[in-house]
Each structure stands twice: as structure tokens, then as C-alpha cells.
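Colleague: Okay, here's the structure, questions in a sec.
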């Protein structure tokens, strides 16, 4: 028989949740496709303060003004632009998590030399959240 003094999570009323609140960091999504950009930002805004852009030039301005916890860059950008965005983000925060979305994974490894993680399109948003360090317990089924 359930204890009527406890709520359905097994906590006493008025007690804080045993799961520590996660700090909301800033995330920048650089993606030219509006639907993909909207989908990622809508899903990830529960964990991050999300900024989005479809252009390399605008991304540079956003990076100058903000320190990021995470960065998502489309694999459709030229390699030098993608590298530049990643370097700018790492300059402000060496621990920034960077995910590059690609249409095909290379045969060798799913990580680039600078620590970027690769995610093949089409992808599941839950997989993206995991790559960005969202705790498994917080990701909806």
C-alpha cells in the first residue's frame, strides 16, 4: 500500500527533487535549412538557451557576443568556415561541445581531430541531445 504522505515520485511533499537542476547553457545552431533549424531549436530549448542562424557571417557575430556550452554546425558549410566557427567557440570556452551534422559519416571514425562529434542526417533528436551531454534521465522516450 502506498504511503499517502509521499507523492507519486516517493518524495515527501515540499522536498526538492533528488535530480539536480541542470544549468542552462547557450547553444548556437548554424544550419541553413529552416525546418531542421526549427526542429533542433524547439527540441533543445528545454536544456539550452538556443540561438540560431543560417549564415556563417551572422554566426561570427553571435560568437563574439556569447560564450557557448554547445555548438551545432551543418556539414554543408565549407570546411574552412566550419573550422573557423569551432575555433571561435573554443576560444571563448575550451570545453564547448561541438556537433557537426553530416549527410554521410566517414568510414573511419565519428570524431574529428579537434574533438567535434559527427551526427549523420537524418538523425533522431534524442541522439543529438545525448551528444550534447544531456543526461539520459532527462531525455523523453
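Colleague: For the stretch 41-71, what are the residues that are part of a helix (DSSP H, G or I), free of Cβ contacts under 8 Å to residues at least 60 places away in the same chain and under 23 Å from residue 139 (Cβ atoms)?
Modeller: If the condition is that a residue be part of a helix (DSSP H, G or I), free of Cβ contacts under 8 Å to residues at least 60 places away in the same chain and under 23 Å from residue 139 (Cβ atoms), then 41, 42 are the ones that fit.
Colleague: So, one more: When you go through 37, 100 one by one, which is the residue that is out of contact with any helix residue (DSSP H, G or I) (no Cβ under 9 Å at 6 or more places or on another chain), crowded, with 17+ Cβ neighbours inside 10 Å and either modelled with pLDDT of 90 or more or not in a helix (DSSP H, G or I) (or both)?
Modeller: Exactly one residue qualifies, and that residue is 37.
Colleague: So residue 119 ticks every box in (1) in contact (Cβ under 8 Å) with a residue 24 or more places away in the chain; (2) outside any helix (DSSP H, G or I); (3) surrounded by 16 or more Cβ atoms within 10 Å (Cβ to Cβ) but one. Which box is left unticked?
Modeller: With respect to (1) in contact (Cβ under 8 Å) with a residue 24 or more places away in the chain; (2) outside any helix (DSSP H, G or I); (3) surrounded by 16 or more Cβ atoms within 10 Å (Cβ to Cβ), residue 119 is out only on (1).
Colleague: While we're on this one: Kindly list, by first and then second residue, each pair from a residue in the stretch 13-37 that is over 23 Å from residue 63 (Cα atoms) to a residue that is at pLDDT 60 or above, limited to pairs with Cβ atoms under 7 Å and residues at least 6 apart or on different chains.
Modeller: So the pair list comes out as 19/137.
Colleague: Is there a residue being touching a strand residue (DSSP E or B) at 6+ places or on another chain (Cβ under 9 Å), farther than 15 Å from residue 115 by Cα, part of a strand (DSSP E or B) and in contact (Cβ under 8 Å) with a residue 60 or more places away in the chain anywhere in the stretch 72-81?
Modeller: The answer is no, given that none of the residues of the stretch 72-81 is touching a strand residue (DSSP E or B) at 6+ places or on another chain (Cβ under 9 Å), farther than 15 Å from residue 115 by Cα, part of a strand (DSSP E or B) and in contact (Cβ under 8 Å) with a residue 60 or more places away in the chain.
Colleague: Take the residues in the stretch 40-50 that are surrounded by fewer than 19 Cβ atoms within 10 Å (Cβ to Cβ) and touching a strand residue (DSSP E or B) at 6+ places or on another chain (Cβ under 6 Å), then tell me which one is nearest to residue 25 (Cα to Cα).
Modeller: 49
Colleague: In the set 28, 77, which member is over 16 Å from the mean Cα position of the chain (by Cα) and surrounded by 19 or more Cβ atoms within 10 Å (Cβ to Cβ)?
Modeller: 77
The values are calculated or read from the model by the stated rules, or taken from the named source; none is laboratory data. Since the structure is predicted, the reported quantities are computational estimates derived from the model, not experimental observations. When we count neighbours, we look across all protein chains shown, and the Cβ atoms used for this are built from the backbone with ideal geometry, even at glycine.
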